[in-house]
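Novice: Could you have a look at this structure, given as structure tokens, before my questions?
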Amino acid sequence: MTPSHQLPLALPHRPALDRQEFLVAPCNEAAVAWIDGWPAWPGPCLVLAGPKGSGKSHLAAVWRARSAARLIAPEALEHPDLALGDARAAVIEDASARIDQEGLLHLFNLVKERGGHLLLTAEEAPSRWGLGLKDLSSRLQGSALAVIGPPDENLLSAVLLKQMADRQIMPSPEAISYLTARMERSFAAVQALAEALDQASLAQKRAVTLALARQVLDGMGPAGEV
């Protein structure tokens, strides 16, 4: 193995999660408005729905910092009282029909009784979760819903630049233009492409130029599909 092809260490990168770091575009401005509008929500619960990599966790982190909400893992809903503790607000990410529905209903009621708020993130709206618990389904479908849509080319470019900046890499403008014109238009594809560019840049000890961008994108299949 030559030095120019050494395998990079799998070191985690730390994404910037401040509110000012979030990229606002037509596809997500409604969701941002809901987060910024807290605590003047019309009810105790907001469901934030959008595809993988669309910024749901970023917005949830922003809201947690503002509301002092407790982050509750789905598996902790077996004991919702203990999971919530003395908090008045909570966040559950990746909520879906696979969640403990009785536990989530109990948590919903606890938060409501305390005059607090609950933020749920998921890839789809609750109406598509296939919920079997009627009371929970009724509460969630009556809750506020903010949907993040697919990105346009300008947002793809901006998100890709941010993903690279989080990894302390600055691609050339030509590379970014080439990639955003040809890649799959999805947030998941942006994340996968950023990871692939990072790995290739480290392994080959090269800057992210147009040539490297072309090489990586070609290696990911048609249109950079993930």
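Novice: Taking the condition among the acidic types (Asp, Glu), over 20 Å from residue 32 (Cα atoms) and assigned by TED's automatic domain parsing to the domain that holds residue 40, does residue 86 pass?
Specialist: Yes.
Each row is one residue, and each column tells you yes or no for (1) hydroxyl-bearing (Ser, Thr, Tyr); (2) over 19 Å from residue 187 (Cα atoms); (3) without any contact (Cβ under 8 Å) to a residue 24 or more places away in the chain; (4) outside the structural domain of residue 166 (by TED's automatic domain parsing).
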site	(1), (2), (3), (4)
34	no, yes, no, yes
39	no, yes, no, yes
54	yes, no, no, yes
82	no, yes, yes, yes
108	no, yes, no, yes
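Novice: Looking for something closer than 30 Å to residue 23 by Cβ, surrounded by fewer than 21 Cβ atoms within 10 Å (Cβ to Cβ) and not aliphatic (A, V, I, L, M) - is there at least one such residue anywhere in the range 102-112?
Specialist: Looking for residues that are closer than 30 Å to residue 23 by Cβ, surrounded by fewer than 21 Cβ atoms within 10 Å (Cβ to Cβ) and not aliphatic (A, V, I, L, M), one finds none in the range 102-112, hence no.
Novice: Then there's this: List pairs: first residue in the range 200-213 and in the same structural domain as residue 179 (by TED's automatic domain parsing) and part of a helix (DSSP H, G or I), second residue of a type in the set (Ser, Thr, Tyr) and surrounded by 16 or more Cβ atoms within 10 Å (Cβ to Cβ) anywhere in the structure, Cβ distance under 8 angstrom, at least six positions apart or on different chains.
Specialist: Once the first residue is in the same structural domain as residue 179 (by TED's automatic domain parsing) and part of a helix (DSSP H, G or I) and sits in the range 200-213, its partners that are of a type in the set (Ser, Thr, Tyr) and surrounded by 16 or more Cβ atoms within 10 Å (Cβ to Cβ) give 210/178; 212/201; 213/178.
Novice: Out of 47, 111, report the one residue that is at pLDDT 95 or above, among the aliphatic types (A, V, I, L, M) and more than 23 Å from the chain's Cα centre (by Cα).
Specialist: 111
Novice: Residue 193 passes all but one of (1) among the hydrophobic types (A, V, I, L, M, F, W, C); (2) farther than 24 Å from residue 58 by Cα; (3) part of a helix (DSSP H, G or I); which number fails?
Specialist: Tallying (1) among the hydrophobic types (A, V, I, L, M, F, W, C); (2) farther than 24 Å from residue 58 by Cα; (3) part of a helix (DSSP H, G or I), residue 193 fails exactly one: (2).
Novice: Can you list residue pairs whose Cβ atoms sit under 7 Å apart, with the first residue in the range 111-138 being at positive phi and the second being at pLDDT 95 or above? Count only pairs 6 or more apart in sequence or on different chains.
Specialist: Between residues of the range 111-138 that are at positive phi and residues that are at pLDDT 95 or above, the close pairs are 115/88.
Novice: Residue by residue through the range 212-226, note down the ones that are surrounded by 14 or more Cβ atoms within 10 Å (Cβ to Cβ) and modelled with pLDDT of 90 or more.
Specialist: 212, 213, 214, 215, 216, 217
Novice: Then there's this: If residue 140 satisfies every condition in (1) farther than 18 Å from residue 55 by Cα; (2) out of contact with any strand residue (DSSP E or B) (no Cβ under 9 Å at 6 or more places or on another chain) but one, which is the exception?
Specialist: (2)
Novice: If a residue must be touching a Cys at 6+ places or on another chain (Cβ under 8 Å), part of a loop (DSSP other than H, G, I, E, B) and crowded, with 18+ Cβ neighbours inside 10 Å, how many such residues does the range 116-171 contain?
Specialist: 3
The values are calculated or read from the model by the stated rules, or taken from the named source; none is laboratory data. Source: prediction; values computed, not measured. Please note: Cβ atoms are built from the backbone with ideal geometry, for glycine as well, and neighbour counts cover all protein chains shown.
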